[in-house]
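As structure tokens, the structure follows; a few thoughts come after it.
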Amino acid sequence: MKLVAVIALQTAAVLAACPYGSYQCDASQKYLQLCSYDSTSQLSWTNINTCADGTVCSLAVYGCVAAPTSLAPSSSKPPSPTTSAVNSSKLTSSSVPQTSSAIKTSATSATTSPAKPSSSSAAPTSTTSSSGLPGCASPWSSSQSYPSGSTVSLNKINYSAKWYENAGASPAVNADGGWVNQGPCDPSGPTPSGGDGGKPPIATNLAQAREYAASLSKDPTLQMLKNQARTNLNVDGVSPGNPANPANVKRVEAIVTRAKWDYYFSFADPVYTYANFLKSVAFFPGFCDTYPGKDSDAICKKLLATMFAHFAQETGAHDGRNPIPEWRQSLAYVRELSCTENNTISGCYYNNDCGNPAFNKVFPCGKGPNNGYLSYFGRGAHQLSYSFNYGPFSLVMFNGDPTVLLNNPSLVADTWLNMASAIFFFIYPQPPKPSMLGVIDGTWVPSAADIAAGRTNDFPSTIQIINGECAGSSTSNAAQNRINYYKAFMQDMGLSTSTDNLKCAGMGRFDSSSSSGSYKMYWTGSYLNQNECQLVSYQTNFNALMDGLSYNEYVKCVEFTFNIKLQ
């Protein structure tokens with residue numbers, strides 16, 4: 001089992017061409033454009049606001065401002081807009097995705113009137129020099145960071161920042177596509193406003209940040225996902241047959257008794273215990289939960305059959321000569337084959353992301369002999385793998401501390417976490433892939449594109465979530481094993497698969513442009529405003545499902561992105 005990487009990396013070339021969710025003014029400075037996916041699923045610039053006569057597009061306000069009243073005849077391009085005359089009304093176009101605060105611009109593109117400069121602003125004509133070029137903004141400094149809307153100059157060219165730019169992010173290199181070339185400038189001309197840059201002031205305190213995060217987290221789908229991923233920290237008292245066990249544990253106990261557990265898992269390594277399985281179920285109340293108006297027991301049986309089928313493939317003995325059928329040979333392995341805690345096999349490292357400073361600052365890998373770090377090979381019932389999965393799992397299990405399992409990955413093999421890691425993987429979506437829980441219990445609703453690609457609320461979709469084994473033109477042996485095991489568990493639990501769609505071959509991979517599993521459940525720094533983060537559907541270091549009541553992941557996003565400490 002391999003989860004997709006927490007950090008989505010794109011090449012500088014793609015970012016510079018059209019970074020998703022970013023803005024620019026077109027060459028004529030008549031249109032404000034947004035980078036988004038078009039009908040062919042390609043990133044392209046889309047016009048979202050049209051500047052009226054007498055105004056020009058300005059990224060300083062993400063809208064239109066009054067055009068300079070005097071244009072030099074030698075300039076074929078409209079002069080760069082400045083921030084000296086900004087209309088204070090709010091952008092209301094429904095085409096623009098809502099971010100952390102209202103975007104300042106014209107209220108409507110068709111009726112915008114030129115804004116009057118304030119008494120303290122320079123007259124528009126003063127922004128150009130005798131050469132006809134605008135004056136150069138304050139020189140860019142490699143030691144200074146710049147908030148969105150800042151204007152700087154470098155090598156006699158003015159640049160404006162689309163979003164917050166860290167110190168050292170050169171406009172000439174433009175590695176993240178955040179700097180917009182505003183054209184040549186004249187160092188002898190008047191300096192336009194907006195070039196002071198600097199680190200943004202801390203606009204909110206800790207309480208206000210949490211309140212703001214709550215205001216962004218009201219989407220019903222996000223709330224549903226958070227409810228499914230909720231945790232119960234009081235699990236030490238959970239034991240087989242205990243009348244005080246949580247409701248979801250009692251449901252599981254009624255379906256899988258201790259005797260049934262021993263029957264299903266007669267090949268299990270002794271470290272996998274029935275008691276620890278129930279403890280893991282208790283920790284995640286959203287697994288085998290109560291579904292009002294639905295047959296909760298039947299849903300639970302199907303969830304268990306799905307999970308156990310994957311156990312059989314991931315950790316099964318696969319001994320066809322044994323009289324015990326293969327579907328009952330799972331949990332035979334605790335660690336990935338050929339990998340040991342003291343291994344020196346490079347194929348068992350799974351720690352390439354540990355060298356990524358953006359990842360390692362949030363999820364610091366433990367030091368070890370394998371490329372300088374510990375190894376994060378597959379461990380436990382679902383073979384949790386890679387450092388970028390051990391960190392988030394640790395965060396969930398150890399009260400927000402990602403370092404426990406990054407420093408002690410063997411705990412995923414040798415403690416009850418060998419079962420808890422499997423349920424963690426089962427209930428967490430991996431956008432654009434939904435969770436296996438959502439596929440089976442029906443809370444994930446496939447889009448028309450999902451259905452056309454064969455991705456439905458059936459068992460094969462969970463295979464595709466794990467490793468894409470259904471993408472081939474024919475069903476692989478591994479995928480067929482999983483299907484056979486699922487059918488066997490379903491039959492033993494008294495459920496029929498006659499109405500299930502078990503077709504696997506030819507299923508399209510989940511993709512961000514068409515899958516309804518592209519949930520906005522990760523925090524990332526706002527493109528438009530400092531000290532604020534926004535929800536996105538691509539994976540980042542900050543998972544909103546792990547926020548808790550204090551919105552800790554949002555707070556970490558703000559502090560990490562803008563290098564501040566909220567008090």
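The values are calculated or read from the model by the stated rules, or taken from the named source; none is laboratory data. Since the structure is predicted, the reported quantities are computational estimates derived from the model, not experimental observations. As a convention, Cβ positions derive from the backbone with ideal geometry for all residues, glycine included, and neighbour counts pool all protein chains shown. When the accessible area is computed, the model is the full protein with side chains, heavy atoms only, and any ligands, DNA or RNA have been set aside. Shrake-Rupley method; radii C 1.70, N 1.55, O 1.52, S 1.80 Å.
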Seminar exercise, completed: Those residues of segment 359-398 that are out of contact with any helix residue (DSSP H, G or I) (no Cβ under 9 Å at 6 or more places or on another chain) and modelled with pLDDT under 95 come to a total of 2
Exercise. Do we find a residue being among the hydroxyl-bearing types (S, T, Y) and open to solvent by less than 50 Å² (accessible area, probe 1.4 Å) anywhere in segment 494-502?
Worked result: yes
Seminar exercise, completed: Y291: passes all of (1) of a type in the set (F, W, Y); (2) surrounded by fewer than 16 Cβ atoms within 10 Å (Cβ to Cβ); (3) farther than 12 Å from D441 by Cβ but (3)
For this session: Scan (1) part of a loop (DSSP other than H, G, I, E, B); (2) within 30 Å of A207 (Cα to Cα) for the single condition L535 breaks and write down its number.
Result: (1)
Exercise. Can you name the number of the only condition in (1) part of a helix (DSSP H, G or I); (2) open to solvent by less than 60 Å² (accessible area, probe 1.4 Å); (3) within 26 Å of S330 (Cβ to Cβ) that N245 fails?
Worked result: (1)
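Taking the condition out of contact with any strand residue (DSSP E or B) (no Cβ under 9 Å at 6 or more places or on another chain), of a type in the set (G, A, S) and open to solvent by less than 10 Å² (accessible area, probe 1.4 Å), does A479 pass?
Values: out of contact with any strand residue (DSSP E or B) (no Cβ under 9 Å at 6 or more places or on another chain): yes; of a type in the set (G, A, S): yes; open to solvent by less than 10 Å² (accessible area, probe 1.4 Å): yes.
Against the criterion (out of contact with any strand residue (DSSP E or B) (no Cβ under 9 Å at 6 or more places or on another chain), of a type in the set (G, A, S) and open to solvent by less than 10 Å² (accessible area, probe 1.4 Å)), A479 qualifies.
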Exercise. Taking the stated definitions as given, is I440 open to solvent by less than 10 Å² (accessible area, probe 1.4 Å) and β-branched (V, I, T)?
Worked result: no
Exercise. Among the candidates I483, I465, I440, I451, which residue alone is of a type in the set (V, I, T), within 19 Å of the chain's Cα centre (by Cα) and in a helix (DSSP H, G or I)?
Worked result: I465
Exercise. If we scan segment 509-522, do we find a residue that is assigned to a loop (DSSP other than H, G, I, E, B), buried (at least 16 other Cβ atoms within 10 Å of the Cβ), aliphatic (A, V, I, L, M) and touching a Gly at 6+ places or on another chain (Cβ under 7 Å)?
Worked result: no
Problem set entry | Failed item, numbered, when L331 is tested on (1) outside any helix (DSSP H, G or I); (2) of a type in the set (A, V, I, L, M, F, W, C); (3) within 31 Å of the chain's Cα centre (by Cα); (4) surrounded by fewer than 21 Cβ atoms within 10 Å (Cβ to Cβ) | (4)
Problem set entry | Selection status of T151, open to solvent by 20 Å² or more (accessible area, probe 1.4 Å), at pLDDT below 60 and in contact with a strand residue (DSSP E or B) (Cβ under 9 Å, 6 or more places away or on another chain) | no
Exercise. Only one of F377, F359, F393 is under 20 Å from the mean Cα position of the chain (by Cα), of a type in the set (A, V, I, L, M, F, W, C) and under 28 Å from R482 (Cβ atoms); which?
Worked result: F393
Exercise. Across segment 265-289, which residue is farthest from H382 (Cα to Cα) among those that are polar (S, T, N, Q) and part of a loop (DSSP other than H, G, I, E, B)?
Worked result: S266
Exercise. Taking segment 168-185 as the region of interest, how many residues are more than 26 Å from the chain's Cα centre (by Cα) and buried (at least 21 other Cβ atoms within 10 Å of the Cβ)?
Worked result: 3
Problem set entry | Given (1) at positive phi; (2) surrounded by 19 or more Cβ atoms within 10 Å (Cβ to Cβ), index of the condition L528 fails | (1)
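For segment 273-280, state whether one or more residues are within 26 Å of V396 (Cα to Cα), of a type in the set (G, A, S) and more than 31 Å from the chain's Cα centre (by Cα).
Yes: segment 273-280 contains one or more residues that are within 26 Å of V396 (Cα to Cα), of a type in the set (G, A, S) and more than 31 Å from the chain's Cα centre (by Cα).
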Seminar exercise, completed: Of (1) buried (at least 23 other Cβ atoms within 10 Å of the Cβ); (2) of a type in the set (A, V, I, L, M); (3) within 21 Å of S387 (Cβ to Cβ), L411 fails just (1)
